[in-house]
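Visitor: Okay, here's the structure, questions in a sec.
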Amino acid sequence: MYIHKLSELPQNTDLHFGGKAMSLDILLRHHIEVPFGYAIAAEAFVNGTLCDNAMKELEVLCKRLPKKYTYAVRSSAIGEDGVSDSFAGAYETVLDVNKDDIKAAVETVVASAGNERVKVYGESRNVAYGEIAVVIQRFLKPDYAGVLFTADTITASTGVMVGNYVKGIGEALVSGEGMDGELRFQTVKYAYTGSKECAFFAKKVYQAARRIVRIYGCPQDIEWAVFKNRVYILQARPITTMFKASPESFVFNDSLQEELLLSKTNVGEIFLRPVSPATYSIVAMIKEMIGIPLISNVYGQLYLNISGLCSLLVSFGLTKEKAFQIVSEIAGGIPDGLEIPIYPFEKRSFYTKIINLIKGAVFQGSGKYDFGKDFKHRISEIGIGLVEEIRQTNTAEELKALWDVKCSAYLSKTLSAIMTGLSVKSLFTTREKLVKVCGVEQADRLLSDSSENGNIESIGTLLAIEDVIQGKMTSEEYKNRYGHRHADEMELSMPYPYENPAFPENVIDDYILAGINANEMKEKQEKRRKEAIRAFLEQYPKKKKWLMRLLQKYSQAVHSREVIRSDALRVFCVIREFYLKAGELSGCKEDIFLLYFEEVLALLDGVRIEEAMIDKRRSQYEKQLDMPNFPSIICGRFVLEEWEQSGAVSGYYRFGENQGEETDGVIRGVAGSCGQVQGIARVLKSYEEADTLCAGEILVVPADNIGWVKLFPKVSAIVTDIGAPLSHAVIVARELGIPAVVSCQNASGIIHTGDLISVDGTAGVVTILSK
């Protein structure tokens, strides 16, 4: 059959019904009010004419259609009303057609596939065109008709819905001939601010639009009509101007899809370089599992989605101000007066994903494999074992089966252990409580060490070297515990230290050659912290129990977060080994990291990967690796060409604003680790430049992480473009007593190697004294 009822279009078939018909079919399956109708598949037409069988089906249909209605005959071309291309107005539509004239109307619509408008649009967009399906629907003579965009098409904000309407048939509006009024909605907390004459049906249009956005998961361009006080949806398609992603070519810019406030803090400290397609696919998969829009991609550089986190908190009843106060502990410094874009957050979907995550069942069947008792304390042990199992597989079938049975379960259960075991409340509230009692400087000194429960994981990579040298720990023990920690530890294409046969002897040799003693620095800082506790208790003797309980909880929270981070990295070790083995078995070798995870699974199932696609991604990824560091904070659309042409050095970018930056030699950031130092700056853009660092210099970098920790004993202070007081590297700086100022936005672009600068880690200020 070539003709099928909308809501019953066949799935997984060789027939093609085009974007419009498929969209209407989906809406009807979700019980959205759509005029009833039918679709004729593109395969029904041969050289623009209905084939004999399709003609017979159409004749039968026309006899069955009620004579009391008239009909709309519309195009549903292949490629029309898609994510990237709309072909809006390119094809003909015939309205108010008697059922006896439907055949002629279908011929008119099909003939429009050869018109000049279609040709010009298709060639200008470099997309296929001409193949056409047709939709036949009941025609409504509405009281009102209009178009509603579920996001602002200029700013990309989904915090508003905007649209226009006309009285009567909507063709005058969509063709640009006229408009009678405006619809405008606030969506975070519903409010209608459009034309008053539409107020009686406005909320119905809004509710239908919200349901459609939930169905498709992206902003929509919706055509609607009001007929006898009922709202009907005539069409829904993505807002094409907001979608710039090209997964096939590995081109993503999430800032064009939604008005967002993005920060590199935390995320940018983990991913110090643009991510590979392999890594991004895993990040996107984990983001989907947890149901939180945590990370955004801007041409391979990953950002913390502050708007997403704040929107989540606001959906649970917090004010925007309180939500940002909580998120700012993670996000670091944000420019004063900046309005945080907030958008509606779907809690129902979030609840479902969190429940599945806690159950450890985010993959089909993944919750069934039993790793034995006490899984959360054996994450590293099990991960190391899985690495060995992967290395011993000999066929694609064995490797795929290992993923399906064990590896997917390991990923699910590890994420579940993280979600159920992470307790971070003390991390966010302790400093605030101390500041209220004793002020900022004394509070920071009290929190400068977390040794009550032993050394934290981030500093352990450094301090344990001394244990190996002194014979307290074997090289193999060091390798098993810390061999997965390095500067690019979540980038799948980068090897882990444990893969190097010379590890850890090479690290130990470098440590000895540097002539440093991290344990001595740590002991000095512990003494300073004990002195801070003594001074506090002299001033507030009645608060001893309160203080010790507060510090103990804070220390436990820090240790818990550090252990969980270290354990979670074992997942990335397992996935990297899985990729490496898949590359070996398939012959893709290192090109395997240009594939998304689902493509690797398909490859193991025998699906052929096009060389041209791999070449395209390789070219794009290499281009992204050569791009400069983007601003540490982005608000709104990030237009790469505009930013590059501006020559801006600012660490903050807002769409449409002047990107110039003036500095009086004073750079303000966020206090990371207290203390004041004056010295010579050493600006490093990447860890590969670490050999140029001299003892006693002030380290100035875009970002640092645990991979940089081994350099810390050599420096007198640390300055970063991004970061927050709870960043892993900042915690280590405090543990070693090294002054640090973080979240300076673009200190690494303003300061130059050799500049004399002062760093006030207590006030969060860096001053350029001379160049």
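Visitor: Rounding to the nearest 10 and keeping the result within 0 to 90°, find how far the Cα-based axis of helix 518-539 lies from the longest principal axis of the chain.
Guide: 90 degrees
Visitor: Okay, moving on. Give the lysines reachable from Lys544 as a straight Cα distance under 27 Å; neighbours fewer than 8 places away on the same chain don't count.
Guide: Lys425, Lys433, Lys436, Lys522, Lys524, Lys527, Lys530, Lys553
Visitor: Loop only per DSSP, at most 16 neighbouring Cβ atoms within 10 Å: give me the GluC sites (Glu not before Pro) in the stretch 578-622, ordered by residue number.
Guide: Glu610
Visitor: What residues have an amide H closer than 5 Å to that of Asp180, excluding those fewer than 5 places away on the same chain, when H is modeled at 1.01 Å from N in the peptide plane?
Guide: Sorted by chain and number, the residues that satisfy this are Tyr165, Val166, Lys167.
Visitor: Turning to a different aspect of this structure: With every protein chain kept in place and ligands, DNA and RNA left out, what is the accessible area per residue of the chain? Probe 1.4 Å, answer in Å².
Guide: Each residue of the chain exposes 44 Å² on average to a 1.4 Å probe.
Visitor: Could you sort Glu577, Glu107, Glu389 by accessible area so the largest value comes first, with the probe set to 1.4 Å?
Guide: The residues order as Glu107, Glu389, Glu577, largest area first.
Visitor: Please report, as a whole percent, how much of the solvent-accessible surface of the chain comes from carbon and sulfur atoms (probe radius 1.4 Å).
Guide: The C+S portion of the solvent-accessible surface of the chain is 51 percent.
Visitor: Would you mind checking the tilt of helix 611-626 against the longest principal axis of the Cα atoms of the chain, expressed as 0 to 90 degrees and rounded to 10?
Guide: Relative to the chain, helix 611-626 is tipped by roughly 50 degrees.
Visitor: A further question on this structure: Which value does Rg/Rh take for the chain over its C-alpha atoms, Rh per Kirkwood?
Guide: Reported Rg/Rh, Kirkwood definition of Rh: 1.03.
Visitor: Relative contact order of the stretch 703-771, please, whole-number percent, based on alpha carbon pairs below 8 angstrom and at least 6 residues apart.
Guide: Relative contact order here is 28 percent.
Visitor: Let me ask another. Rolling a 1.4 angstrom probe over the protein chains, ignoring ligands and nucleic acids, what is the accessible area of Ile355 in square angstrom, nearest 10?
Guide: 90 Å²
Visitor: A further question follows. Compute, for the stretch 455-537, the length of the dipole vector about the Cα centre, with Cβ point charges of +1 (Lys, Arg) and -1 (Asp, Glu) only. Units Debye, rounded to 20.
Guide: For the stretch 455-537, the charge dipole is close to 680 debye.
Visitor: Using just the helices of the chain, give the 222 nm mean residue ellipticity in deg cm²/dmol: DSSP H runs with n ≥ 4 each add -39,500 (n - 2.57), and the total is spread over all residues, rounded to 500.
Guide: Only helices count here, giving -12500 deg cm²/dmol.
Visitor: What percent does the relative contact order of the chain come to when contacts are Cα pairs within less than 8 Å and at least six residues apart?
Guide: The normalised contact order for the chain reaches 11 percent.
Visitor: Counting other C-beta atoms within 10 Å, and keeping those with at most 15, which DSSP coil GluC sites (Glu not before Pro) do you find in the stretch 283-337?
Guide: none
Visitor: Taking the Cα centroid of the stretch 267-284 and of the stretch 703-763, what is the distance between the two, rounded to the nearest whole Å?
Guide: Result: 22 Å between the Cα centres.
Visitor: Report the net charge of residues surrounding Asp25, where surrounding means a beta-carbon distance below 11 angstrom and charges are Lys +1, Arg +1, Asp -1, Glu -1.
Guide: For residues surrounding Asp25, the net value is +2.
Visitor: Could you please put Cys407, Cys694, Cys51 in sequence from largest to smallest accessible area, using a 1.4 Å probe?
Guide: Per-residue accessible area, sorted high to low, gives Cys694, Cys51, Cys407.
Visitor: What's the center-to-center distance, using Cα atoms, between the stretch 493-557 and the stretch 22-45 in Å?
Guide: When both Cα centres are located, 64 Å separates them.
Visitor: Is the stretch 446-514 best put as rounded, prolate or oblate by its Cα gyration tensor, with a ≥ b ≥ c the root eigenvalues, rounded for a/c under 1.5, and otherwise prolate when a/b is larger than b/c, oblate when not?
Guide: Verdict is oblate for the stretch 446-514.
Visitor: Given a 1.4 Å probe and the protein chains all in place, what does the accessible area of Lys472 round to, in Å² to the nearest 10?
Guide: Roughly 140 Å² of Lys472 is accessible to a 1.4 Å probe.
Visitor: Provide the net charge surrounding Asp444, with neighbours chosen by a C-beta distance below 9 Å and charges set as Lys +1, Arg +1, Asp -1, Glu -1.
Guide: Spelling it out: positives minus negatives among the neighbours equals +2.
Visitor: Another question about this same structure. Asp615 accessible area, nearest 10 Å², 1.4 Å probe?
Guide: Taking all protein chains as shown, Asp615 has close to 70 Å².
Visitor: Looking at the square roots a ≥ b ≥ c of the eigenvalues of the Cα gyration tensor of the stretch 618-771, which shape do they give, rounded for a/c under 1.5, prolate if a/b is larger than b/c, or oblate?
Guide: prolate
Visitor: So how do Ile136, Ile286 rank on accessible area, 1.4 Å probe, biggest first, that is with the largest at the start?
Guide: Ile286, Ile136
Visitor: Karplus couplings for the stretch 206-216 from phi (6.51 cos²θ - 1.76 cosθ + 1.60, θ = phi - 60°), rounded to Hz, Gly and Pro as x?
Guide: Values per residue, Gly and Pro as x: 4, 5, 5, 5, 4, 5, 5, 4, 5, 5, 8 Hz.
Visitor: Could I ask something else about it? Taking the Cα atoms of the stretch 517-619, what is the range of coordinates along each of the three principal axes, in descending order and whole Å?
Guide: 72, 30, 23
Visitor: Continuing with the same structure: Quick one: compute the contact order of the stretch 474-632, relative version, from alpha carbon pairs under 8 angstrom and 6+ residues apart, as a percent.
Guide: 20 percent
Visitor: List, in order, the whole-Hz ³J(HN,Hα) value for each residue of the stretch 141-148 obtained from phi through the Karplus relation with A = 6.51, B = -1.76, C = 1.60 and θ = phi - 60°; use x for Gly and Pro.
Guide: 9, x, 6, 9, 8, x, 10, 10
Visitor: Short version: ³J(HN,Hα) in whole Hz for each residue of the stretch 706-713, in order, from phi by Karplus 6.51 cos²θ - 1.76 cosθ + 1.60 (θ = phi - 60°), x for Gly and Pro, what are they?
Guide: My calculation for the stretch 706-713 gives 4, x, 8, 4, 5, 8, 4, x Hz in order.
Visitor: Which one, Gln301, Ser673, Ile575, projects farthest toward the positive side of the charge dipole computed for the chain from Cβ point charges (K/R +1, D/E -1)?
Guide: Of the options given, the answer is Ser673.
The values are calculated or read from the model by the stated rules, or taken from the named source; none is laboratory data. Computed from a prediction, not measured in an experiment: that's the story for all the values here. Because the Cβ atoms are built from the backbone with ideal geometry, glycine has one as well, and the counts that use them run over all protein chains shown. With ligands, DNA and RNA removed, areas are computed over all heavy atoms of the protein, side chains included. Shrake-Rupley method; radii C 1.70, N 1.55, O 1.52, S 1.80 Å.
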